[in-house]
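The values are calculated or read from the model by the stated rules, or taken from the named source; none is laboratory data. Computed from a predicted structure; not experimentally measured. We place every Cβ from the backbone using ideal geometry, glycine too, and count neighbours over all the protein chains shown. Note: areas computed on protein heavy atoms with side chains; ligands, DNA, RNA excluded. Shrake-Rupley method; radii C 1.70, N 1.55, O 1.52, S 1.80 Å.
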Number of protein chains: 2
Amino acid sequence: MATIRDVAKLAGVSVATVSRVLNNNGNVHKSTKEVVQAAITTLNYRPNEIARTLYKKNSRLLGLIIPDITNPFFTELARAIEDTAHRYGYTMVLCNTDEILEKEQHYMEVLKQRQADGCLMITNEKATFLDEELGIPIVALDRPIHSHIPFIQADHYQGGKIAAQTLLQKGSTQLVHIRGPKYLDSAEARYQGFLDVVEKEKISYHIFESSFQPRNDEFLINNIFERFPEIDGVFAANDVIAVSVLKTALHRGISVPEDLQIIGYDGILFGQLFYPSITTVAQPIYQLGKQAVQMLINLIEKKETEQKICRLPVQLVERDTTRKE
Amino acid sequence: MATIRDVAKLAGVSVATVSRVLNNNGNVHKSTKEVVQAAITTLNYRPNEIARTLYKKNSRLLGLIIPDITNPFFTELARAIEDTAHRYGYTMVLCNTDEILEKEQHYMEVLKQRQADGCLMITNEKATFLDEELGIPIVALDRPIHSHIPFIQADHYQGGKIAAQTLLQKGSTQLVHIRGPKYLDSAEARYQGFLDVVEKEKISYHIFESSFQPRNDEFLINNIFERFPEIDGVFAANDVIAVSVLKTALHRGISVPEDLQIIGYDGILFGQLFYPSITTVAQPIYQLGKQAVQMLINLIEKKETEQKICRLPVQLVERDTTRKE
DNA sequence: CGGTTTCATGTAACCGGTTACATAGAAATG
DNA sequence: CATTTCTATGTAACCGGTTACATGAAACCG
């Protein structure tokens with residue numbers, strides 16, 4: 001690979017001049033600029049990003065610290081993040097943590113050693129990642145870390161309300177909410193939204209807690225149908241659980257949506273492939289990822305964010321696990 | 001951030017000695033080593049990976065150039081790749097190309113400028129990426145690039161045979177294969193496998209070509225059922241298409257697997273969530289990703305691979321879209 | 001005991017960019 | 001025309017590691 005000194009030699013100028021041409025700063029005479037550009041073309045020269053980073057201390061590298069790319073919600077988020085990062089000239093490093101603290105910490109080290117400019121995090125480890133000790137800008141995505149770390153998520157409380165209202169409005173009277181883990185604020189918010197609606201309407205309901213591990217849920221769901229055969233509306237805390245509920249219901253000969261309505265949450269692409277397709281409260285996943293990156297880049301380049309917290313609206317997507325009208 | 005010179009100063013030694021301690025090479029007296037290590041701990045020093053890379057010219061960075069992380073097959077592959085890369089001390093950069101040549105080329109530039117040690121590619125652009133011009137080791141995954149670029153994929157020909165044999169063996173007599181795009185060798189191989197079985201058995205069959213774009217497939221699938229209501233076995237070139245077939249069939253009141261058997265391909269995790277769950281020819285996705293990384297690292301570190309081509313066996317996963325027995 | 005190894009350590013060049021500072025000539029100013 | 005200002009360019013230090021080479025001391029050896 002040609003270096004800047006090769007270019008300088010061929011163009012008959014100093015490396016400083018070549019650098020000025022490359023970065024289009026400082027004064028360079030028009031004719032000199034042309035000679036340098038010709039040399040660059042001849043040698044097919046590309047500046048070494050590593051050398052630049054060493055001096056300038058910005059790498060245009062972004063970390064994405066995420067529990068598991070295999071979870072469809074995160075997959076779609078990652079796609080949005082990569083797209084956006086790329087559009088702004090940043091490169092994305094993917095870090096799967098499986099929610100294991102050691103992995104998260106290890107990846108933070110790796111990102112720091114590689115001089116990453118910033119990091120998007122989806123983590124439950126609130127206490128561990130306060131930005132004092134980090135030395136690298138962070139934006140928290142979907143799960144808050146600390147009040148002084150910028151944070152973006154969908155309006156889960158509203159989402160919980162919408163789900164409950166929709167089930168009621170479409171005629172369900174015996175509701176079940178399979179909520180997400182207690183330690184997840186977002187699950188808690190959906191639950192609260194759901195609760196506030198059903199309490200007000202004085203409707204019969206049951207709450208169950210899922211671990212968000214599909215494997216464990218199968219048993220839980222069967223158990224629910226066993227114990228409460230009379231239920232006619234389920235709000236599942238995410239689409240994957242909704243799908244499991246659908247599968248179990250169909251397997252038991254329950255008609256969906258005639259005898260049982262199901263509403264999922266997230267709005268993953270997959271939801272529409274099922275028969276019947278899953279009605280869901282959709283998060284603006286692409287938008288979340290995109291804005292998270294924009295917030296982070298803002299933080300990196302301007303050293304500040306306009307707003308610390310950003311909450312995006314959710315939207316009901318009516319498909320076929322709820323009744324028409 | 002502390003530098004190696006800070007550590008040297010605190011420990012009262014030269015930077016060379018600190019470097020020797022860090023890399024555990026050269027001779028360092030036991031007592032000196034302890035003093036240096038104490039200084040490292042005190043300053044919480046972590047070597048700057050960028051500076052290391054600049055001199056050593058290996059970055060321990062791997063690129064994954066992939067059409068779209070949102071495609072579940074690629075998602076699972078990416079997960080395996082990230083896991084494995086991480087286990088070997090490499091960091092993974094994610095690059096979504098949407099199969100657009102300009103994006104692929106652009107990402108290759110980015111990876112080169114960042115001194116990535118190697119790159120895993122899933123691309124159709126055979127002609128463009130010959131490793132002469134690349135200057136960076138490549139392993140082709142799932143889709144071959146060129147005979148001199150190491151390549152790993154599942155045994156798709158065998159997969160096509162297994163799918164056809166299974167449908168026949170379980171009693172289907174009017175087969176349809178919805179194959180993948182012509183420009184994909186892997187789709188071609190599955191098709192050939194299917195063909196070789198049905199031709200030999202003199203079975204009635206029809207072939208249709210899908211673009212692998214779920215949106216377009218809906219029309220195609222409806223059309224198939226319309227024109228050929230008598231079909232009783234479908235081999236779909238991937239699980240997403242199989243799922244669409246299932247949905248369409250159920251929608252039309254066709255019983256699966258009683259009246260119609262469906263076999264998918266890939267073995268994505270999602271397949272088991274459907275009702276009925278999808279019988280599929282599973283690729284060893286995790287293994288593919290893992291071995292691809294191992295081949296690539298081998299290429300990087302040893303400058304060679306034992307074998308240029310690696311073909312992994314597929315496996316029938318019998319679920320509920322095929323009949324028992 | 002002198003000569004050769006081996007060990008422990010330091011000095012400084014190097015990787016490939018960027019930029020502060022210096023300088024010479026041209027242009028502007030009074 | 002002398003002085004100031006501006007333009008174009010070069011020199012060399014710097015970023016933070018690694019390592020070739022040099023050096024002095026200790027260990028070994030016949």
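Listing for the model above:
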item: Options B:Leu299, B:Leu260: the member that is open to solvent by 20 Å² or more (accessible area, probe 1.4 Å) and not small (Gly, Ala, Ser); result: B:Leu299
item: Output for the stretch A:153-189, where each listed residue is open to solvent by less than 10 Å² (accessible area, probe 1.4 Å) and of a type in the set (Lys, Arg); result: A:Arg179
item: Selection count where residues are part of a loop (DSSP other than H, G, I, E, B) and open to solvent by less than 30 Å² (accessible area, probe 1.4 Å), scope the stretch B:96-117; result: 4
item: Within the stretch B:13-24, considering residues that are surrounded by 11 or more Cβ atoms within 10 Å (Cβ to Cβ) and closer than 22 Å to A:Gln115 by Cα, the one nearest to DNA strand C (Cβ to nearest atom); result: B:Val15
item: Residue match in the stretch A:1-12 (condition: within 14 Å of chain B (Cβ to nearest Cβ), within 9 Å of DNA strand C (Cβ to nearest atom) and open to solvent by 80 Å² or more (accessible area, probe 1.4 Å)); result: yes
item: The stretch B:233-277: number of residues that are in a loop (DSSP other than H, G, I, E, B) and either of a type outside the set (A, V, I, L, M, F, W, C) or within 20 Å of B:Gln165 (Cα to Cα) (or both); result: 14
item: B:Ala51 vs. criteria open to solvent by less than 60 Å² (accessible area, probe 1.4 Å), more than 8 Å from DNA strand C (Cβ to nearest atom) and either in the same structural domain as B:Gly89 (by TED's automatic domain parsing) or free of Cβ contacts under 8 Å to residues at least 60 places away in the same chain (or both); result: no
item: Flag for B:Thr91 being over 13 Å from the mean Cα position of the chain (by Cα), within 19 Å of A:His106 (Cβ to Cβ) and at pLDDT 95 or above; result: yes
item: Tally, over the stretch A:278-296, of residues that are open to solvent by 30 Å² or more (accessible area, probe 1.4 Å) and either within 13 Å of another protein chain (Cβ to nearest Cβ) or not in a helix (DSSP H, G or I) (or both); result: 2
item: Restricting the stretch B:104-120 to residues that are within 11 Å of B:Lys57 (Cα to Cα) and under 20 Å from the mean Cα position of the chain (by Cα), the residue that is nearest to the other protein chains (Cβ to nearest Cβ); result: B:Ala116
item: Residue in the stretch A:127-142 that is modelled with the lowest pLDDT, counting only those that are in a loop (DSSP other than H, G, I, E, B) and open to solvent by 20 Å² or more (accessible area, probe 1.4 Å); result: A:Leu130
item: Any chance B:Ala38 is within 12 Å of another protein chain (Cβ to nearest Cβ), within 16 Å of DNA strand C (Cβ to nearest atom) and among the aliphatic types (A, V, I, L, M); result: no
item: Residue count, the stretch A:58-94 (criterion: part of a strand (DSSP E or B) and either on the phi > 0 side of the Ramachandran plot or facing another protein chain (nearest Cβ under 7 Å) (or both)); result: 4
item: Single match in A:Gly118, A:Gly89, A:Gly63 (criterion: out of contact with any Asp or Glu (no Cβ under 6 Å at 6 or more places or on another chain), under 28 Å from B:Ile100 (Cβ atoms), within 16 Å of DNA strand C (Cβ to nearest atom) and in the same structural domain as A:Lys290 (by TED's automatic domain parsing)); result: A:Gly89
item: Residues located in the stretch A:25-46, provided they are buried (at least 18 other Cβ atoms within 10 Å of the Cβ) and in contact (Cβ under 8 Å) with a residue 40 or more places away in the chain; result: A:Tyr45
item: Some residue of the stretch A:54-70 being within 12 Å of DNA strand D (Cβ to nearest atom), under 21 Å from B:Thr91 (Cβ atoms), out of contact with any Ser or Thr (no Cβ under 9 Å at 6 or more places or on another chain) and basic (Lys, Arg); result: yes
item: Residues within the stretch A:65-94 that are of a type in the set (A, V, I, L, M) and free of Cβ contacts under 8 Å to residues at least 40 places away in the same chain, tallied; result: 4
